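Chemist: Got a structure for you, questions after.
The values are calculated or read from the model by the stated rules, or taken from the named source; none is laboratory data. Note that the coordinates shown come from a computational prediction; the quantities given were computed from them, not determined experimentally. Backbone-built Cβ (ideal geometry, glycine too); neighbour counts: all protein chains shown. Side chains included, ligands, DNA and RNA excluded: accessible areas come from the protein's heavy atoms. Shrake-Rupley method; radii C 1.70, N 1.55, O 1.52, S 1.80 Å.
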Amino acid sequence: MTRQLITLIVNGDRYQVPVAPHETLLDVIRDQVALTGTKRGCTSGACGVCTVQGEDGRAVLSCLALAIEWDNRPVTTIEGVAGEDELHPVQKAFLEYGAVQCGACTPGLIMTAKALLDENPDPDEEAINEALAGALCRCTGHIKVKIAVREAIKAMVADAAAEDSHGV
Amino acid sequence: MQLPLFEYHRPASLDEALATLGTAGSSLAVLGGGTDLLINLKLRLERPRALLSVRELPELAGVSVDAAGTLRIGAGERLTDLATHPLLVARYPGLAQAIRAVGSRHVRNMATLGGNLCLPTRCWYTNQSEGWRGSQLPCWKTEGQVCHVIKTASNCRAIHSADSVPALIALDARLLLRSSQGERELPLADFYRDDGIENNVLAPGELVIAVLVPPARLRSVFVKAAARTGLDYGYATLAGALGGSNRAPKSLLLVAGSVGTMPMVLHQSARIILADGLTEASIEAAADAARDDLGEVTNLFTPPGYKKRLVRGLVRRVLNELRRQKLPAAD
Ligand SMILES: Cc1cc2nc3c(=O)[nH]c(=O)nc-3n(C[C@H](O)[C@H](O)[C@H](O)COP(=O)(O)OP(=O)(O)OC[C@H]3O[C@@H](n4cnc5c(N)ncnc54)[C@H](O)[C@@H]3O)c2cc1C
Ligand code: FES
Ligand code: FES
């Protein structure tokens, strides 16, 4: 089995990693880049705990992506979501509104919600449901998660308005 | 689950892809978005020596309409882009609905149309890990001689459940295939076979290049009944496309999916509507007639008799929605 050296760009950092064709983006992020926030669940596309964001900001299931296809393409994982000294509004809302129990699904759900809000800052009920349907929680169900996402939207809209009024 | 070892090729051009495919034969698997193929490899349902990635080929990209009004959708297009494509949403609403019904948003961000068109059939026995399968006798699909679902079946009855397909067949779509020997075009309906194992007529060395939808102003609808509509395969789906008015319909195709080894066209139900127009009474009669059209269905994830009752309801829903829908605007 021959390995090929690729450059993974994770959360803005570049990593030179040797990968074999059969290694998934999930395996390489967890086992070689050693960022274990991205979780390994069903490994077959059905649970969403392995969700990361691709270069276009869309949610990608890293368990169904071949690492070799991600040479030089930026990826965002849960470790890249918080700011310097502040959590992302989606993270804050998950904490504040109790959308976390065991936490196994949390990175995937936060990446899913962030991918949605990066694309559409003001999603309606249907768009929220559509996005969240691909990432499952077996502890809380989706009710608290949806509350947190709605509150995150409110906070982000308020932040944007405050920035505007400061003429930034 | 881990992937088995394989080599990986990413050809730079379609010609290079077809040449590689022509010489390697069945030891090579074509990789689109990988949302189904990679799972089947993890389950050890296929054992190719190498994967050939076709998703980025420029010849497989693009959504366009030619001078005659034929819509062309490249096989490498992502389902998320198609589900929200303004042209599809406005002119082919049933197709946009069907594409949006595939898996989850996550899956559609990765999946291609070509992969959906070539989706293998599924069954609760085969789509399991190798160890799980090993605990029972092999079935028709895994080189045995039984069916664990329909005991009397003399061939594999696994279910074809690619959601874009009924919607495209209802629009009378054609498929463009190419190999290093040349190009051929065929009606999408003729691409599928009544066999759970070899469920399409893609020849060795051939790639799906694009889907072509002939010009026509049609109303179109797709509905899906599933355990969780945001993620699951359908128990049954139904697509309908209607030309003409409610009183004097000129054409109607009703196509059911997820009921058997291939999509099923409901001829009887359509004939009733074409003769009587869309009325409350004719819709009821068409829904009742669906049962005869369906013939043998595979109640694989559902109790006996369930799918026929379900399709009856879906026919009623599709026809009622078609009746209410406005004809898409001309260009
Ligand atoms: C959780 C989950 C839920 C799903 N739910 C649904 C659902 O509800 N409905 C549904 O329809 N599907 C569903 N799928 C299956 C799958 O995601 C879709 O069918 C998808 O469209 C497959 O496209 P792909 O590009 O990922 O295909 P791939 O996995 O890359 O390929 C699928 C097959 O097509 C062949 N192929 C791909 N491109 C070409 C080409 N251009 N020419 C020739 N052969 C080609 C491959 O060799 C392979 O046999 C689901 C998958 C998951 C993981
Ligand atoms: S681990 Fe990727 S979807 Fe479950
Ligand atoms: S918090 Fe346990 S799975 Fe979601």
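Chemist: Just going by the charge dipole of region B:1-159, with Lys and Arg at +1 and Asp and Glu at -1 on Cβ, which of B:Q2, B:A153, B:L87 is farthest out on the positive end?
Modeler: My answer, from the dipole projection, is B:A153.
Chemist: For region A:13-58, compute Rg over Rh where Rg is the Cα radius of gyration and Rh is the Kirkwood radius from the inverse mean 1/r over Cα pairs.
Modeler: Using Cα coordinates only, the ratio equals 0.95.
Chemist: Could you point to the residue in A:A59, A:V28, B:A227 farthest towards the positive end of the protein assembly as shown's charge dipole, with +1 and -1 charges on the Cβ of Lys/Arg and Asp/Glu respectively?
Modeler: Positive-end residue among those listed: B:A227.
Chemist: For the charge dipole of chain A, defined by +1 on Lys and Arg C-beta atoms and -1 on Asp and Glu C-beta atoms about the Cα centroid, which residue among A:L87, A:N129, A:V49 has the Cα displaced farthest towards the positive pole?
Modeler: A:V49
Chemist: Where the only charges are on Cβ atoms (+1 Lys, Arg; -1 Asp, Glu), what is the dipole of the protein assembly as shown about its Cα centre, to the nearest 20 debye?
Modeler: 1720 debye
Chemist: Just the Cα atoms of region A:4-80, one point each, no solvent: what log10 I(q)/I(0) does Debye give at q = 0.17, 0.19, 0.20 Å⁻¹?
Modeler: Once normalised to I(0) and log-transformed, intensities are -0.53, -0.68, -0.76.
Chemist: Can you work out the FRET efficiency for the pair B:K250 and B:E185, with r the C-beta to C-beta distance and R0 = 35 Å, to the nearest 0.05?
Modeler: With a Förster radius of 35 Å, E is 0.90.
Chemist: Run through region A:94-168 and list the trypsin sites (Lys or Arg not before Pro) located in a DSSP loop whose Cβ has at most 16 other Cβ atoms within 10 Å.
Modeler: Passing both the DSSP loop test and the Cβ count: A:R138.
Chemist: Charges at C-beta only: +1 for Lys and Arg, -1 for Asp and Glu. How large is the resulting dipole of region A:70-160 about its Cα centre, in Debye rounded to 20?
Modeler: 420 debye
Chemist: Limiting things to C-alpha atoms, what are the Rg and the maximum Cα-Cα separation (Dmax) for chain A, in angstroms?
Modeler: So, for chain A, Rg and Dmax equal 16.5, 58 Å respectively.
Chemist: Continuing with this model, one more query. Need one number: the % of Cα-Cα pairs in the protein assembly as shown sitting beyond the 40 Å mark.
Modeler: Tail of P(r) above 40 Å: 24 percent of Cα pairs.
Chemist: How much area per residue is accessible in region A:4-80 when the probe is 1.4 Å and only protein heavy atoms are counted (Å²)?
Modeler: 33 Å²
Chemist: Could you check how much of the accessible area of chain A is carbon and sulfur, as a whole percent, using a 1.4 Å probe?
Modeler: Heavy-atom surface of chain A belonging to carbon and sulfur, 1.4 Å probe: 51 percent.
Chemist: Interface A/B, total buried accessible area with a 1.4 Å probe, nearest 100 Å²?
Modeler: 2600 Å²
Chemist: Report the calculated FRET efficiency for A:Q16 and B:Q128 (r = Cβ-Cβ distance, R0 = 30 Å), to the nearest 0.05.
Modeler: According to the calculation, E is roughly 0.20.
Chemist: Between region B:93-150 and region B:272-331, how far is it from one alpha carbon centroid to the other, in angstrom?
Modeler: Rounded to whole Å, the Cα centres lie 25 Å apart.
Chemist: Restricted to Cα positions, what overall size does region B:1-56 have along the principal axes? Three whole-Å values, descending.
Modeler: Principal extents (largest minus smallest coordinate, Cα): 34, 21, 14 Å.
Chemist: Based on Cβ point charges of +1 for Lys and Arg and -1 for Asp and Glu, what charge dipole magnitude is obtained for region A:4-80 about its Cα centre, in debye rounded to the nearest 20?
Modeler: Rounded to the nearest 20 debye, it is 180 debye.
Chemist: Another one. Using a Förster distance of 35 Å, how high is the FRET efficiency between A:A162 and B:K326, based on the Cβ-Cβ distance and rounded to 0.05?
Modeler: 0.25
Chemist: How shielded is B:35-46 by partner chains, expressed as the average number of their Cβ atoms within 10 Å of its Cβ atoms?
Modeler: The shielding value for this peptide is 3.
Chemist: Once amide H atoms are placed 1.01 Å from N in the peptide plane, what residues at a sequence separation of 5 or more from A:I6, or on another chain, have their amide H within under 5 Å of its amide H?
Modeler: Sorted by chain and number, the residues that satisfy this are A:V17, A:V19.
Chemist: Per 10 Å bin, what percent of the C-alpha pairs of region A:89-165 does each bin hold, from zero upward?
Modeler: Percent of pairs per bin, in order: 20, 56, 20, 4, 0.
Chemist: Would you please state which residues of region B:157-189 a label at B:T23 would reach in this model, taking the label point 7 Å out along Cα→Cβ and a backbone N cut-off of under 14 Å?
Modeler: B:180
Chemist: While we're on this one: I need the fraction of alpha carbon pairs in chain B separated by more than 28 Å, rounded to a whole percent.
Modeler: 41 percent
Chemist: Hey, another quick one. Using a ≥ b ≥ c from the Cα gyration tensor of region B:178-331 (square roots of the eigenvalues), is it rounded, prolate or oblate, where a/c under 1.5 gives rounded and otherwise the larger of a/b and b/c decides, a/b for prolate?
Modeler: oblate
Chemist: Between A:K154 and A:C102, what is the label-point separation in nm under the 7 Å Cα-to-beta-carbon projection?
Modeler: 3.1 nm
Chemist: Any idea how far apart B:S154 and B:N40 come out in nm if each label point goes 7 Å out from Cα toward Cβ?
Modeler: 2.6 nm
Chemist: So, in the protein assembly as shown, how many Lys pairs have Cα atoms under 22 Å apart, if the pair is 8 or more places apart or on different chains?
Modeler: Step by step, the pairs that qualify in the protein assembly as shown add up to 22.
Chemist: Follow-up. Hey, what's chain B come to in accessible area per residue, 1.4 Å probe, Å²?
Modeler: 42 Å²
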